[in-house]
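Undergrad: Okay, handing you the structure first.
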Amino acid sequence: MNDVAAATLVQAAARAAPRVPVLEVADLSVEFRTRSGTVRALDGVSLQVHRGECLGVVGESGSGKSVTAYAVMRLLDPAARITGGRITFGGMDMLGAGDADLADLRGRELSMIFQNPRASLNPIRPVGTQIADVLLRHGGVTRAQAPARAAALLAEVGIPDPERRARAYPFELSGGMCQRVGIALALACRPALLIADEPTTGLDVTTQAVIMDLVLGLARARGMATVLITHDLGLATEYCDSIAVMHAGHVVETAPTAALFATPRHPYTARLIGATPRPGLALGDLASIAGSLPDLRREDLPACRFLDRCERARPDCAAAPLPRRTEAARMVACRYPL
Amino acid sequence: MNGAPLLEVAALQKRFPIGGGGLLARRAPGLLHAVEDVSFTLRAGETLGLVGESGCGKSTLARLLARLLDPSGGSIRLRGEEIGGVAAQRFGASPRRADIQMVFQDAEGSINPRHTAFEAIARPLRRLRGLAGPALHGKVTATAALCGLPAELLPRFPHQLSGGQKARVGIARAVATEPALLVLDEPTSALDVSVQVLILDLLKALQARTGAACIFVSHDLNVVRLLCDRVLVMYLGRVVEEGPAEDLFTAPAHPYTRALVGAVSVPGRPRAAERVRLAGEPRSPIDPDPNACRFHGRCPIGQDRCARAAPPVHALPGGRRVACHFPLTDGALAAA
Amino acid sequence: MSAASLAHARHVLSGNPVTALAFGLFALLVGTAILGPALVPFDPIAAAGPALQPPSARHPFGTDAIGRDVFSRVIAATRLDLGMAFAAVAIVFACGTLTGAAAGFFGGWTDRIIGRLADTIMAFPLFVLAMGIVAALGNTVTNIVIATAVVNFPLYVRIARTEASTRRGAGYVEAARLSGYGEAHILFREILPNLLPIMMVQVSLTLGYAILNCAGLSFIGLGVRPPAPEWGIMVAEGASAIISGEWWIALFPGLALMIAVFTFNLLGDGLRDIVDPRRRT
């Protein structure tokens with residue numbers, strides 16, 4: 001990638017539109033209705049991503065990372081209901097948009113890379129044809145140009161011999177190759193926002209590094225905004241400019257990456273970092289996080305959903321509203337932050 | 001940690017026939033070389049890490065050692081007794097069965113959905129230790145308690161247990177017969193970090209208590225570094241490097257190990273400016289060229305010689321071994 | 001487990017009135033089969049009044065060509081039709097599930113031999129094969145049951161084989177090997193119990209087909225012999241009378257047949273929803 005060109009692109013963008021986020025999620029709440037009760041999956045989630053920036057959304061399973069992504073894509077399960085908040089993408093209100101507008105937006109302006117690359121590809125169509133389909137639908141290319149453009153995209157994501165691989169079916173490609181195809185599909189129409197939902201889970205570490213370099217390299221070069229959803233703090237450290245930590249449907253802390261690790265302010269962030277193995281630490285240095293996620297079907301959920309697991313909890317922590325302190329580029333949702 | 005080794009593995013080999021094989025097949029089936037010429041020793045109380053990419057043969061090696069698969073060649077000796085020759089199907093009747101147990105990656109899948117946690121832990125004891133009645137009940141409850149499972153969870157079925165609790169049931173089942181060798185196949189890869197810490201603590205405590213030797217298969221090098229004394233790095237069925245965990249990670253001698261270690265991301269540590277990245281994909285493991293290094297083609301430092309001759313195994317100071325024509329010995333020597 | 005299953009079954013039934021209806025019809029059918037012959041107003045094989053009477057208060061389904069009460073005959077026939085179908089399905093359930101599970105679990109030669117056997121049966125048009133078996137073995141109820149079991153065999157083998165082979169490499173199978181258990185024990189104690197719920201769905205779906213098969217054989221004159229009350233024979237006897245206007249003789253046993261097949265198919269669909277773990281939350 002041409003880093004100089006990328007840098008000027010981003011700067012030009014910054015001059016043109018000073019700090020208007022590409023994606024802004026404000027106070028988003030989502031509920032799932034199940035037969036055992038209403039699951040309050042997201043509560044007051046706020047996120048912002050700017051051009052050329054990568055936001056990491058980290059948290060353990062059940063924290064609401066993927067629900068947030070699917071809500072932004074407007075691909076939620078029919079049992080889900082958005083009960084409050086706003087999602088603004090490039091100035092457009094995503095919650096008010098009609099299905100036709102959304103379908104047009106997805107794939108062209110708004111793209112997603114999925115966790116299981118093979119399952120997200122159509123098994124009975126050659127991968128080149130699948131990319132060509134997207135280009136024909138959204139990319140403004142003619143039928144004659146499409147195959148060559150598809151091959152060029154495959155070459156761009158580092159697939160050797162792209163003309164031949166374009167005729168391959170997903171089962172003929174390795175997991176890493178399928179994920180590259182997934183990336184080529186997602187980036188085919190030069191979207192403004194890319195959401196990557198655990199894009200390298202299940203891939204080998206060596207492949208993972210190559211794929212992440214590729215995604216973030218392309219994103220930076222094109223001034224694209226990226227949301228990386230992951231449970232892997234190491235991956236988020238390496239690739240994200242800022243990180244939002246989620247726990248039980250709340251964003252508990254948002255901070256620039258370096259600051260988050262240097263001075264975590266929410267007790268959960270501190271515990272999460274303290275539980276993650278890294279070189280130089282012995283097993284005894286790691287501490288688990290007490291308790292488990294609260295049952296999100298509970299009627300009497302305290303305002304702070306980390307309350308039951310927090311050793312710093314005080315009696316007034318249960319009282320609404322959950323304080324969200326914002327200072328400089330950081331946000332922490334805790335009454336008594338570290 | 002002194003004395004005779006608990007486990008001696010020599011020239012262990014596993015080849016799977018691929019395709020053909022039917023009555024009317026014209027061409028000879030190809031052979032997938034899953035594990036090739038693997039040798040190492042393991043002492044009681046020691047933990048050996050097994051790392052490498054998926055398809056490198058680490059899980060096959062784990063199953064060979066657990067005697068769930070039959071080796072195609074080589075020997076496995078437990079306390080000096082050859083156990084590799086007993087067919088896996090008959091190994092269940094061997095008195096050594098209780099000495100080698102395994103913990104699986106998918107804790108949920110390793111418990112029969114129609115069995116309770118109690119039944120899952122009781123089965124090896126009933127069959128291999130001949131326990132029944134109150135003795136069985138007492139041993140199951142004690143093992144469960146040792147693994148941090150309160151007795152009130154024992155009547156539950158797997159779908160009624162959390163991920164961490166299922167992992168504990170899998171571990172309790174494996175340690176119930178007090179095995180001398182415990183094979184752990186990615187026991188924490190499906191768990192969240194907060195639960196992973198608890199399970200790793202449990203494994204360490206159990207090992208300190210029972211003195212069992214452990215083989216720890218994992219793709220998470222940060223976890224391997226935490227738990228293992230020594231590490232075997234595998235690439236396409238062969239061991240490319242072996243050595244004490246800390247030395248191997250700080251100064252890898254094989255170019256593949258270096259790439260593997262370089263690909264690991266560390267929470268809170270910014271990205272290094274210059275990193276080794278592996279291009280391309282591993283070669284096919286089916287009928288590989290015996291006279292070439294299997295890493296050739298992806299290797300950043302490979303030369304012509306690597307395509308013409310299999311690399312020799314160099315012994316390095318500090319009990320390290322590396323299979324490479326051009327080992328990166330400067331760093332390794334410095335570490336030793 | 002059973003409490004949770006019951007709760008789940010209740011949930012499926014409350015959300016799915018069609019399945020609840022199928023369960024109700026099933027109970028009615030079984031009740032009729034058990035008690036029917038004791039409750040009928042007339043002897044099903046003796047004349048009860050004038051021949052070819054249209055439906056009336058005394059004979060709700062009318063009378064047939066020799067004056068027998070069609071209502072009594074339809075009710076009384078339930079036991080024989082359901083009995084033959086249940087027997088055939090029980091046999092094929094036991095044999096098919098076991099051989100299919102063995103083929104899927106052991107693979108190799110076991111799989112090839114059992115697979116070829118199932119394919120050979122599949123190569124024939126199944127109803128023609130059933131006709132051939134009854135013609136060769138003789139016109140008895142037992143042979144109808146055997147023929148119906150044989151034609152259903154490949155279906156059971158295929159399903160059990162697929163389900164067993166997906167479980168062959170399951171973690172709990174390897175765990176049982178680590179616990180020292182042999183292959184036969186694993187097949188019977190670890191694999192088969194996990195196949196039962198899926199096979200039970202199949203039992204319900206095939207029961208409908210088995211009833212049709214038994215009735216069909218009787219309809220063409222193979223198997224159950226007159227004057228025994230049986231839906232297939234009754235439809236055959238009444239078929240010629242439709243042209244002359246006596247529609248009731250064939251219609252009512254035909255309706256009974258239809259309701260029975262319908263019930264078992266609906267029941268199978270409902271059971272699948274109850275058994276399918278993907279529908280559980």
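We did not get these values from a lab; they are worked out from the coordinates using the rules stated. All values reported here derive from a predicted model rather than from experimental measurement. Glycine also receives a Cβ, built like all others from the backbone with ideal geometry; neighbour counts cover every protein chain displayed.
Undergrad: Tell me the angle of helix B:193-210 to the major Cα principal axis of chain B, expressed in degrees between 0 and 90 and rounded to the nearest ten.
TA: Once rounded, the angle reads 80 degrees.
Undergrad: Continuing with this model, one more query. Helix C:108-122 sits at what angle to the longest principal axis of chain C, using alpha carbons and giving 0 to 90 degrees rounded to 10?
TA: For helix C:108-122, the angle is close to 20 degrees.
Undergrad: Under the definition of Cα pairs under 8 Å and six or more residues apart, what whole-number percent is the relative contact order of segment C:65-279?
TA: 27 percent
Undergrad: Here's something else I'd like to know. Compute the separation of the alpha-carbon centres of segment B:46-61 and segment C:31-90 and state it in Å as a whole number.
TA: The two parts, judged by their Cα centres, are 71 Å apart.
Undergrad: When the expected Rg is taken as 2.2 N^0.38 Å, what fraction or multiple of it is the alpha-carbon Rg of segment B:189-336?
TA: That ratio works out to 1.15.
Undergrad: Further, regarding this structure: Find the relative contact order for segment A:115-249 and round it to a whole percent, using C-alpha pairs within less than 8 Å whose residues are 6+ positions apart.
TA: 26 percent
Undergrad: For segment C:154-281, what's the radius of gyration and Dmax over Cα atoms, in angstrom?
TA: 21.6, 74
Undergrad: Provide the three semi-axes, in whole Å and in decreasing order, of the ellipsoid equivalent to segment B:46-94 as defined by the square roots of 5 times the Cα gyration tensor eigenvalues.
TA: 21, 13, 9
Undergrad: Report the dimensions of segment C:65-279 along its three principal axes from the alpha-carbon atoms, largest first, rounded to Å.
TA: Principal-axis extents of the Cα atoms in segment C:65-279, largest first: 72, 39, 22 Å.
Undergrad: For segment A:120-160, what are the per-bin percents of Cα-Cα distances with bins 10 Å wide, up to the bin holding the maximum?
TA: 32, 55, 14
Undergrad: Between segment A:303-338 and segment A:239-285, what is the C-alpha centre distance in whole Å?
TA: Value for the Cα centre distance between the two parts: 16 Å.
Undergrad: Report the far tail of the P(r) of the protein assembly as shown, meaning the percent of Cα-Cα pairs longer than 56 Å.
TA: That fraction is 25 percent.
Undergrad: Another one. Only counting other Cβ atoms within 10 Å, I'd like C:L196, A:L185, A:L105 sorted with the fewest neighbours first.
TA: Neighbour counts put them in this order, fewest first: C:L196, A:L105, A:L185.
Undergrad: Report, in whole Å, the centroid distance computed from the Cα atoms of segment B:69-101 and segment B:212-278.
TA: 29 Å
Undergrad: Viscosity 1.567 mPa s, temperature 4 °C: Stokes-Einstein D of chain A from its Kirkwood Cα radius, in µm² per second?
TA: It comes out at roughly 61 µm²/s.
Undergrad: Checking the a/c ratio against 1.5 first, then a/b against b/c, what shape does the Cα gyration tensor give for chain B?
TA: prolate
Undergrad: At 25 °C and a viscosity of 0.890 mPa s, what translational diffusion coefficient does Stokes-Einstein give for segment B:19-135, taking Rh as the Kirkwood radius over Cα pairs? Give it in µm²/s as a whole number.
TA: My calculation gives 142 µm²/s for D.
Undergrad: Summarise the long-distance tail of P(r) for segment B:121-223 by giving the % of C-alpha pairs beyond 17 Å.
TA: Of the Cα pairs, 53 percent sit more than 17 Å apart.
Undergrad: Given B:V231, B:S218, B:A263, which one lies farthest toward the positive end of the charge dipole of segment B:213-278, if we put +1 on the Cβ of every Lys and Arg and -1 on the Cβ of every Asp and Glu?
TA: Of the listed residues, the answer is B:A263.
Undergrad: By the gyration tensor of its Cα atoms, with a ≥ b ≥ c the square roots of the eigenvalues, what is the shape of segment A:93-150: rounded for a/c under 1.5, prolate for a/b over b/c, or oblate?
TA: Here segment A:93-150 falls in the oblate category.
Undergrad: Same structure again: Once every Cα of segment A:161-294 carries one equal point scatterer and solvent is ignored, give the base-10 log of I(q)/I(0) from the Debye formula at q = 0.17 Å⁻¹, two decimals.
TA: -1.02
Undergrad: Once both axes come from the Cα atoms, what is the angle between helix B:163-175 and the longest principal axis of chain B, in degrees from 0 to 90, rounded to 10?
TA: For B:163-175 against chain B, the angle is about 90 degrees.
Undergrad: I've got another one for you. Would you compute, from DSSP H runs of 4+ residues alone, the mean residue ellipticity of the protein assembly as shown at 222 nm, taking -39500 (n - 2.57) per run and dividing by the full residue count, rounded to the nearest 500?
TA: About -13500 deg cm²/dmol.
Undergrad: Hey, in the GNM for chain C with a 10 angstrom Cα cutoff, which one of C:I249, C:I198, C:I186 fluctuates hardest?
TA: In this elastic network of chain C, the residue with the biggest mean-square fluctuation among C:I249, C:I198, C:I186 is C:I186.
Undergrad: Here's a follow-up. Counting pairs of alpha carbon atoms under 8 Å apart in space and at least six apart in sequence, what relative contact order in percent does chain A give?
TA: In percent, rounded to a whole number, it is 21.
Undergrad: Could you give the size of the charge dipole of the protein assembly as shown about its Cα centre, using +1 on the Cβ of each K and R and -1 on the Cβ of each D and E, expressed in debye and rounded to the nearest 20?
TA: 700 debye
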